[in-house]
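The values are calculated or read from the model by the stated rules, or taken from the named source; none is laboratory data. Keep in mind that what you see is a predicted model, and the values were worked out from it rather than measured. Using ideal geometry, Cβ is built from the backbone for each residue, glycine included, and neighbour counts are taken over all protein chains shown. Each accessible area value is taken on the protein alone, full model and side chains, heavy atoms only, with ligands, DNA and RNA left out. Shrake-Rupley method; radii C 1.70, N 1.55, O 1.52, S 1.80 Å.
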Amino acid sequence: MGANIKLLLRSYKIYARMDFLWLIRDTKYCLLQIFADLISSLSSILIILQLAKRFQNIGGLDYYELMLMLGISVAVFGLYDMFFANYNNGLVCRIIGRGQIDHYLIQPVPLFIQIITRGFAPFSGSSQLIMAVIMITLALRKLSRLTLSNMISALICSVGALIIIVCMIYLHSTIAFFNPASGEEVGTIVLEMFRENSIFPLGELLGGLQIFFSSVIPVGAIAWIPTMIITRWKKEYMMIYGMMALSFMVITIWIFKRGIQYYVQKGSGRYSGFGHR
């Protein structure tokens, strides 16, 4: 266990250094990517904020509650981009579907360490997180809830939401072990589902639909539930939320291992060098 932790920290250090070297050696294009990430993120949330400003209430949330929710959503996808956006680590279906999982399996490093470290980009991938911190801080201040406890709660919920997104992507990506060609892009569909729908509050839906879109298709668990925990619900719901994220992780690990076992026995008749770095 101690050896794995040392290897984990060393891997993070290596990839952080690689990202920093890109920043100082190719500053122009690195800054262009950071700027593009900011524009892309802002374009998806500004229209929601404008509607909230016009109508004062969307989905049961007022303007600053909605800003908090959007800030948490940006933080979640900022964490995703920082840890999983590079090398197709977040879209493992591409690695599996293209027959490239062997590149991981032959390495003298545990697969889980490669998965959670190989895409680490703390410099080029931090722009959305910075914007998210500003939005969350401003929203909590306007709501008179700017406390260390609420900031920590927002961070914990963001990490929990990241776990849910990654687990859902990896859970569906298991299809690629059995059908490489048709499963190659299934994770992309799951990721876009979360990106496009997690910015909408579920407060006006019927209770059954709220539960459905917070568990079976957990788009509401990414930002809406954390916002409700911080602003309206009892803090005990934080524990339930954590158990939910943990349940997704356990189920995903179990099913993903079954896919790995199938791949080890059957292999893949399909290989593509496209996208491998």
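Note the full-extension length gain between Phe178 and Ile152 as 0.36 nm times their separation in residues minus their Cα-Cα distance, in nm to one decimal. Could the numbers behind the result be given before it?
Numbers: separation 26, 0.36 × 26 = 9.36 nm, distance 4.07 nm.
That works out to 5.3 nm of additional length.
Hey, got the Cα dimensions of segment 1-134 along the principal axes, in Å, largest first?
56, 33, 33
May I ask you to derive the FRET efficiency for Val109 and Leu138 from their Cβ-Cβ distance with R0 = 45 Å, giving the value to the nearest 0.05? Numbers along the way, then the final one.
Working: r = 41 Å, r/R0 = 0.91.
The value I calculate is 0.65.
For the chain, give the percent of accessible area contributed by carbon and sulfur heavy atoms, probe 1.4 Å, rounded to a whole number. Show your work: numbers first, answer last.
On the way: 9670 of 14290 Å².
Answer for the chain: carbon and sulfur cover 68 percent of the accessible area.
Using just the helices of the chain, give the 222 nm mean residue ellipticity in deg cm²/dmol: DSSP H runs with n ≥ 4 each add -39,500 (n - 2.57), and the total is spread over all residues, rounded to 500.
Details: 14 runs with 201 residues, N = 277.
The per-residue figure over the chain is -23500 deg cm²/dmol.
For a 29 Å ceiling on Cα separation, which of these pairs sit above it: Lys13/Lys142; Lys28/Lys53; Lys142/Lys235? Display every interim value, and only then the final one.
Values: Lys13/Lys142 38 Å; Lys28/Lys53 36 Å; Lys142/Lys235 20 Å.
In this structure, Lys13/Lys142; Lys28/Lys53 exceed 29 Å between Cα atoms.
In whole angstrom, and with the biggest value first, how far do the Cα coordinates of segment 44-195 range along each principal axis?
Computed over segment 44-195, the largest-to-smallest principal extents equal 53, 29, 23 Å.
Accessible surface of Glu184 in the full protein assembly, 1.4 angstrom probe, to the nearest 10 Å²?
Rounded to the nearest 10, the figure is 30 Å².
For the chain, what is the convex hull (Cα atoms) projected area averaged across all directions, in square nanometres? Can you show the working numbers first?
Numbers: hull surface 63.5 nm².
For the Cα atoms of the chain, the hull's average projected area reads 15.9 nm².
Give the separation of the Cα centroids, segment 7-81 to segment 201-257, in Å.
21
In nanometres, what is the gap between the two model label sites at Leu246 and Glu185, each 7 Å from Cα along Cα-to-Cβ?
About 3.8 nm separates the two model spin labels.
Length gain on complete extension for the stretch Leu8 to Asp102, per 0.36 nm per residue less the alpha carbon to alpha carbon distance?
Details: separation 94, 0.36 × 94 = 33.84 nm, distance 2.03 nm.
My answer for the length gained is 31.8 nm.
So what's the angle, to the nearest 10 degrees on a 0 to 90 scale, between helix 63-84 and the longest Cα principal axis of the chain?
10
Given 0.36 nm per residue, what is the gain on full extension from Asp62 to Ile130 after removing their alpha carbon distance, in nm? Walk me through the numbers before you get to the answer.
Values: separation 68, 0.36 × 68 = 24.48 nm, distance 2.33 nm.
Gain on stretching Asp62 to Ile130: 22.2 nm.
How much area per residue is accessible in segment 142-277 when the probe is 1.4 Å and only protein heavy atoms are counted (Å²)?
Value returned for segment 142-277: 54 Å² of accessible area per residue.
Relative contact order for the chain: what is it in percent, counting Cα pairs under 8 Å that are at least 6 residues apart?
Values: 358 pairs, mean separation 72.5, N = 277.
Dividing the mean separation by the residue count of the chain yields 26 percent.
Quick one: how many Å² of Phe256 are accessible to a 1.4 Å probe, rounded to 10?
Around 20 Å² of this residue is reachable by solvent.
Using only Cα atoms, figure out Rg for segment 203-277 and give it as a multiple of 2.2 N^0.38 Å. Before the final figure, lay out each step's value.
Working: Rg = 18.5 Å, N = 75, 2.2 N^0.38 = 11.3 Å.
Ratio of Rg to 2.2 N^0.38 Å for segment 203-277: 1.63.
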